[in-house]
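The values are calculated or read from the model by the stated rules, or taken from the named source; none is laboratory data. If you're wondering where the values come from, they're calculated on a predicted model, not measured in any experiment. For neighbour counting, all protein chains shown are included, and Cβ atoms are generated from backbone atoms with ideal geometry for every residue, glycine included.
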Amino acid sequence: MDARQYNQQAWDQLVERQNEWTQPVDADTVARARTGDWEVVLTPTIPVPRSWFPEMKACRILGLACGGGQQGPIFAATGAEVTILDNSPKQLEQDRQVAERNGLEIRTVEGDMADLRAFAEGSFDIVFNPCSNCFAETVLPIWRECARVLRGGGILMTGFSNPAMFIFDAIKLERGQLEVRHVLPYSELTDITDEERQSFIERGEPLMFGHTLQDQIGGQLAAGFQLTDMFEDRDPKNALSRYMATYTATRAVKM
């Protein structure tokens, strides 16, 4: 199975089902952003600190795997030059619709978050990557590509799932039951049964991958980034969040 192709179709279906991460911001939110009143998320609930951002006007931002019409329009409303790359054509269409509705300029590019050859070296001041690399088989190429397309001193902001989320039986976790089953790294291409995988496919759920902290954080360092800040977050809908933070956001600077 081609995981990227399958996940593209799955996310297109999530747009049709109006998943919460496919619902674009409304016109009032864009209007407030134009006045300087705005916030965005990398993880489920906690807004990214405004101190993480530089002056936004004319700031060149790549929203990486960031379609859905949520963060991109807000950035554009602040005066930033915004490019959104996403694997899902229908997620990108959400950004285009908001841009047309609110008179914003947003460039949309369909592509793989681990392959940014569409962009020259040093093209961006910020790469903003909300939780999404759990849909990629490996994260190390993502960090290397982010480093390549950022200018020196450019900022990478990313959110990712705590690896502990993937050691449990996924179906039972959805029911609130914590049963340890898997080792890390985790892949729904290889680490679940054919019957379980078929169940995910029939439900239109994207395939997921659990990456180690060595790859998530160590991979950023190896790619030439220096971590400058981080915070943790929880997903109220996830049973594990009753006991620990299940998401991490990091800010790193290209050295």
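Below, the figures for the structure above:
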{"read-out": "Cβ pairs under 8 Å, 6+ apart, first in segment 98-125 and without any contact (Cβ under 8 Å) to a residue 60 or more places away in the chain, second acidic (Asp, Glu) and part of a loop (DSSP other than H, G, I, E, B)", "value": "99/105"}
{"read-out": "Subset of segment 132-143 [farther than 22 Å from residue 59 by Cβ and in contact (Cβ under 8 Å) with a residue 60 or more places away in the chain]", "value": "133, 134, 135, 136, 137, 138, 139, 140"}
{"read-out": "Matching residues, segment 15-37, being crowded, with 18+ Cβ neighbours inside 10 Å and within 19 Å of the chain's Cα centre (by Cα)", "value": "15, 22, 24, 25"}
{"read-out": "Selection count, segment 217-255, where residues are among the basic types (Lys, Arg) and either part of a strand (DSSP E or B) or under 16 Å from residue 53 (Cβ atoms) (or both)", "value": "2"}
{"read-out": "Filtered residue count, segment 224-252, keeping only those that are surrounded by fewer than 20 Cβ atoms within 10 Å (Cβ to Cβ) and among the small types (Gly, Ala, Ser)", "value": "4"}
{"read-out": "Qualifying positions in segment 121-132 - buried (at least 21 other Cβ atoms within 10 Å of the Cβ) and in contact with a helix residue (DSSP H, G or I) (Cβ under 6 Å, 6 or more places away or on another chain)", "value": "124, 127"}
{"read-out": "From 228, 246, 250, residue being hydroxyl-bearing (Ser, Thr, Tyr) and either touching a helix residue (DSSP H, G or I) at 6+ places or on another chain (Cβ under 6 Å) or over 27 Å from residue 152 (Cα atoms) (or both)", "value": "246"}
{"read-out": "Every residue from segment 208-231 that is among the small types (Gly, Ala, Ser), free of Cβ contacts under 8 Å to residues at least 40 places away in the same chain and touching a strand residue (DSSP E or B) at 6+ places or on another chain (Cβ under 8 Å)", "value": "none"}
{"read-out": "Filter pass, residue 213 being within 14 Å of residue 165 (Cα to Cα), surrounded by fewer than 17 Cβ atoms within 10 Å (Cβ to Cβ) and not basic (Lys, Arg)", "value": "yes"}
{"read-out": "Qualifying residue in segment 68-77 (condition: polar (S, T, N, Q) and without any contact (Cβ under 8 Å) to a residue 12 or more places away in the chain)", "value": "no"}
{"read-out": "Positions within segment 144-159 being out of contact with any Phe, Trp or Tyr (no Cβ under 7 Å at 6 or more places or on another chain), within 18 Å of residue 87 (Cα to Cα) and in contact (Cβ under 8 Å) with a residue 60 or more places away in the chain, in sequence order", "value": "146, 158"}
{"read-out": "Restricting segment 172-200 to residues that are loosely packed, with under 14 Cβ neighbours inside 10 Å and among the β-branched types (Val, Ile, Thr), the residue that is farthest from residue 232 (Cα to Cα)", "value": "193"}
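Matching residues to (1) of a type in the set (D, E, K, R); (2) modelled with pLDDT under 95; (3) closer than 26 Å to residue 250 by Cα:
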position: 180; (1), (2), (3): no, no, no
position: 184; (1), (2), (3): no, no, yes
position: 188; (1), (2), (3): yes, no, yes
position: 191; (1), (2), (3): yes, no, no
position: 196; (1), (2), (3): yes, yes, no
position: 201; (1), (2), (3): no, yes, no
position: 214; (1), (2), (3): no, no, yes
position: 228; (1), (2), (3): no, no, yes
position: 232; (1), (2), (3): yes, no, yes
